[in-house]
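A.B. asks: Let me begin by handing over the structure; questions about it come next.
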Amino acid sequence: MDSIIEIQRQTHEEIERYERALYTILSRHQNAHQSRLQNEHKAAQILDRISSRVTTLNSTYQDQDARKVEIDAVSAPSQPGDLSEFYARLGKIQEHHNKYPDAGADGVEFEIAALLDEFDPEDYDDAYVYEDPVANMFSGEEVYGKYLDLYANHTAFNNLKNIGKRTGYLQYLDALLFAEKGLIHTDIPNETRLTRDYETYIGALHTYLTSFLRRTQPLLDTESKQTATIEEFNKKWEAGELDGWTDVGQKVQADGNGEGIWCTPCQRMYSKQTVYDAHLTSKKHIKATSRQVSSDQPPTNPNGPPSATPTPNGNAASSKDKHRTAALFTYLATALLADLVQTLNDTKANVERRFSLTAKEREQEILEAQKPPAPLPTAGPEGGAEEEEEEERIYNPLKLPMGWDGKPIPYWLYKLHGLGVEYRCEICSDHVYMGRKNFERHFQESRHAFGMRALGLPNTKHFHEITKIEDAMALAERLKREGRHEIFEQETMEELEDEEGNVYSRKTYDDLKKQGLI
């Protein structure tokens, strides 16, 4: 067994070394979201180790008896020249090293080196797959903690009884964004919020938000914030200042004293007389009645009052305490959502953006996200930055177009596609298109369609290859003389509606509006 003095000295040394490692991690350049989150998780691990060692050190200092015995043992001996204690300790050290000759001098050194080590793809083969422990904490929808994954909670919310119309995912996110103004889910019916299913749903939402906050902000003291929020909730709960939860004790009354009809054997409230009459012949009611006859007390049920003949005040208090857990989870979830408002807005924007992508574009986005980030450029000791700038300069005397890799395309490809030929379109405000392919494609683009619409002409195949305004107008007149009115069908096919609900064609609507009749 080591000396308690040596244990304290070693613990002090480990704490100092961990503090230096913490400074090294927090002083690193954090240019991306992933690197910042990785550094914060490593810093949180180091803080946990420091905290555990401080606790151990405090307990050793509290043990005054052991310290006194150790100090007396290493103090000056009663007889001069008595070195028996010294040689006894030296023998233990030699015995340990003889037993473990290959043991390292210090195990903390390897632990700190592992925490400070950064993954470099150049140090490994191409077949090596690096598993990021921080990335494994998040799902695919969370994208390394950038967005929230609330699809499971959204499904549970839609499965609640008496919820009304099922809401979409974007509408569900809007409902959670209400946390900026007050408690969430105050707009749903009271009979829904007072059920056990809602308590399960809001508890799962609170658990997920707490987990997400701990994973994305590991250096944040989540426990202290939750404790302060619970104390604030207790004060408001006792004072009855929570919106939507002040009258929960009055929602359920026994023996039909409140709204609906109470069944004592089943310990359940029925909102309608017909439903109550129908359940009297059910097997469940008959069994509950026979159980009540044979027992002095009715069967316990979380949805009913605690006893068969409760007093009105006692029933209201018990009902209020029964829904305290659901109210507490709602209050805590609202506080967490208030801290995650920016993440909620980013999640909503990401969902809207993904709705506009095709399946191929989504697959390409996933593949690009799986690629490792590019390493940071490192400058040499002398003139490294200037050499890097010279390497980045691209030699392009022919002014060739840039390819997908950021470099000029080959000259043969430039000649093959005819990118040196200019095509000017007067309808597109004299815009110049390089190459035949780009020129033919622009007739279906928005710039050319807007120009044709400004001329009052339809952008149909009859006007393909027409680039001058004069030629387009002449072709339109000739088509009208030849009876080719089908190209102007848009004037009659497009229908507009006035304020009174009357439907007109585009031409009739414009004429009536000019005359001031509508």
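A.B. asks: Give me, ordered by chain and number, the residues 5 or more places off His431 or on other chains with an amide H under 5 Å from its own placed amide H.
C.D. replies: For His431, the qualifying residues are Cys425.
A.B. asks: If you don't mind, there's one more thing I want to ask. Under the Karplus relation 6.51 cos²θ - 1.76 cosθ + 1.60, θ = phi - 60°, what is the ordered set of whole-Hz ³J(HN,Hα) values for the stretch 346-354, x standing for Gly and Pro?
C.D. replies: Each residue of the stretch 346-354 in turn: 5, 5, 5, 5, 5, 5, 5, 5, 5 Hz.
A.B. asks: When the Karplus curve 6.51 cos²θ - 1.76 cosθ + 1.60 is applied with θ = phi - 60°, which whole-Hz ³J(HN,Hα) does each residue of the stretch 399-407 get, with x for Gly and Pro?
C.D. replies: 6, 6, x, 7, x, 5, 8, x, 10
A.B. asks: Okay, next question. Give the separation of the Cα centroids, the stretch 435-470 to the stretch 162-184, in Å.
C.D. replies: 46 Å
A.B. asks: Could you give the Stokes-Einstein D for the stretch 131-221 in µm² per second, using the C-alpha Kirkwood radius, 37 °C, 0.692 mPa s? Each step should come with its number before you reach the end.
C.D. replies: Working: Rh = 14.6 Å.
In µm²/s, the coefficient is 225.
A.B. asks: Using r as the Cβ-Cβ distance of Leu220 and Ile286, and R0 as 56 Å, what FRET efficiency do you calculate, to the nearest 0.05? Don't skip to the end; give the middle numbers.
C.D. replies: Numbers: r = 56 Å, r/R0 = 1.00.
The calculated FRET efficiency here is 0.50.
A.B. asks: Still on this model: Using R₀ = 25 Å, calculate the FRET efficiency as 1/(1 + (r/R₀)^6) where r is the Cβ-Cβ separation of Lys68 and Ile15; round to 0.05. Present the calculation step by step, with values, prior to reporting the outcome.
C.D. replies: Working: r = 24 Å, r/R0 = 0.96.
Calculated value: 0.55.
A.B. asks: Short version: ³J(HN,Hα) in whole Hz for each residue of the stretch 454-461, in order, from phi by Karplus 6.51 cos²θ - 1.76 cosθ + 1.60 (θ = phi - 60°), x for Gly and Pro, what are they?
C.D. replies: Values per residue, Gly and Pro as x: 5, 7, x, 10, x, 8, 10, 5 Hz.
A.B. asks: Rank-order 57-66, 417-426, 342-351, 146-155 by packing density, defined as the average count of other C-beta atoms within 10 Å over each peptide's residues, highest first.
C.D. replies: On the way: 57-66: 11.1, 417-426: 14.3, 342-351: 16.0, 146-155: 17.6.
So the peptides 57-66, 417-426, 342-351, 146-155, ranked by packing, come out 146-155, 342-351, 417-426, 57-66.
A.B. asks: When the chain is fully extended, how far beyond the present Cα-Cα distance does Asn234 get from Leu413, taking 0.36 nm per residue of separation?
C.D. replies: On the way: separation 179, 0.36 × 179 = 64.44 nm, distance 7.38 nm.
Additional length available on full extension: 57.1 nm.
A.B. asks: At 0.36 nm per residue, minus the direct Cα-Cα distance, what do Ala349 and Glu131 gain on full extension? Give it in nm, one decimal, please. Don't skip to the answer; put the middle values down first.
C.D. replies: Values: separation 218, 0.36 × 218 = 78.48 nm, distance 2.90 nm.
Between Ala349 and Glu131, full extension yields 75.6 nm more.
A.B. asks: Follow-up. Be a star and scan the stretch 13-41 for residues whose amide nitrogen sits under 16 Å from the point 7 Å along the Cα-to-Cβ vector of Val54.
C.D. replies: Only 13-23 pass the distance filter.
A.B. asks: Would you report the distance distribution of C-alpha pairs in the stretch 1-103 as whole percents per 5 angstrom bin, up to the bin with the largest distance?
C.D. replies: Taking every Cα pair in the stretch 1-103, the percentages come to 2, 10, 14, 13, 13, 14, 11, 8, 6, 4, 3, 1, 1, 0.
A.B. asks: If you put +1 on each Lys and Arg Cβ and -1 on each Asp and Glu Cβ, how big is the dipole of the stretch 407-518 around its Cα centre, in Debye rounded to 20? Write down the numbers at each step before the final one.
C.D. replies: Values: 18 positive and 21 negative charges, 185 e Å.
Computed charge dipole of the stretch 407-518: roughly 880 debye.
A.B. asks: For the ranges 6-12, 184-190, 359-365, what's the packing order if you count other beta-carbon atoms within 10 Å of each residue, average per peptide, and put the highest first? Please list the in-between numbers first.
C.D. replies: Working: 6-12: 14.0, 184-190: 16.3, 359-365: 10.6.
Answer by packing, highest mean first, reads 184-190, 6-12, 359-365.
Bear in mind that the values in this text are calculations on the coordinates, not laboratory data. None of these values were measured; they are calculated from a predicted model. Heads up, the Cβs are rebuilt from the backbone with ideal geometry, glycines too, and the neighbour counts pull from every protein chain shown.
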